[in-house]
1. Would you be able to tell me the number of residues in the range 150-189 that are buried (at least 18 other Cβ atoms within 10 Å of the Cβ) and of a type in the set (K, R)?
2. Could you check F161 against (1) more than 22 Å from L35 (Cβ to Cβ); (2) out of contact with any Asp or Glu (no Cβ under 9 Å at 6 or more places or on another chain); (3) of a type outside the set (V, I, T); (4) free of Cβ contacts under 8 Å to residues at least 12 places away in the same chain and say which number it fails?
3. Tell me which strands (runs of 3 or more DSSP E) are completely within the range 95-188 and hold 1 or more residues being among the charged types (D, E, K, R), or say none if there are none.
4. Residues to consider are I72, I98; find the one that is surrounded by 14 or more Cβ atoms within 10 Å (Cβ to Cβ), of a type in the set (V, I, T), farther than 30 Å from A211 by Cβ and free of Cβ contacts under 8 Å to residues at least 60 places away in the same chain.
5. Taking E194 and the conditions (1) part of a loop (DSSP other than H, G, I, E, B); (2) touching a helix residue (DSSP H, G or I) at 6+ places or on another chain (Cβ under 7 Å); (3) modelled with pLDDT under 95, which numbered condition does it fall short on, given that it satisfies the others?
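The values are calculated or read from the model by the stated rules, or taken from the named source; none is laboratory data. Computed from a prediction, not measured in an experiment: that's the story for all the values here. Glycine also receives a Cβ, built like all others from the backbone with ideal geometry; neighbour counts cover every protein chain displayed.
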Amino acid sequence: MKRIITAAILLLLPFLISAQDLYRTTMVRAAPGKLLELIDAIKKKAEVEKKDLHAIRHSQGDHWDLLIMETIDDYDDTGLLLTTGSRGVLDDPMDHLISWKEELYVTGPTHREFRRTFNNSDFFHVEIFVALSGQRKQLYDERVMENKYLEELSRDPNQIFVKTQGAKWDMFTMGYYKDLKDYANSAQSSDKKEEAAAKAAGFTSAGSIGAYLRNFITEHHDTLAVKVK
């Protein structure tokens, strides 16, 4: 299995510049009226298995209710918070609580860096992408440029997660904040500073960033979310 992981990463090396560790990402929509029960079940399982819970709850944006990030060392990692039907698990006790879910295995920052950043945050901005054919490398580069733009404005960069297998999404980024006010305040910079930051990051102007991104994507979802505690 380690050989499979190595082979997958080698195929992606042209643009996995900072990706280091493996994650299982599950997006899940609760059955009607079952969201709080599902959250409780996930929290209890995490407590029993002595696993850190890295889950966020949709506030506005995408259609899923929860996004769960699980740090793993291998695709066959056991003790996961949501079992996988493709493994033949037909009697999952959480099935009646879930109306829809999809899974995505990604590489991203080190587990240590992810845990540190996640645990120090309570509000999140998730952007998830499907790249145009042949444009995955360019999309990754654009994400790096946007991080450079944020750093030029003295803002924290987003963490970038790149698909190795699973659902249709090619990559997603996650931004970390204390709360909604912190997220709103992070965008308060003068036009002059934003223009200078955009050019330093390689964009032609601050106003062109969104249009430039759309050269490389066929689908893009934005979500604001809060931590599940």
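1. Qualifying residue count, the range 150-189: 1.
2. (4)
3. In the range 95-188, the matching strands (runs of 3 or more DSSP E) lie at 98-108, 123-131, 159-166.
4. The match here is I72.
5. The single condition E194 does not satisfy is (1).
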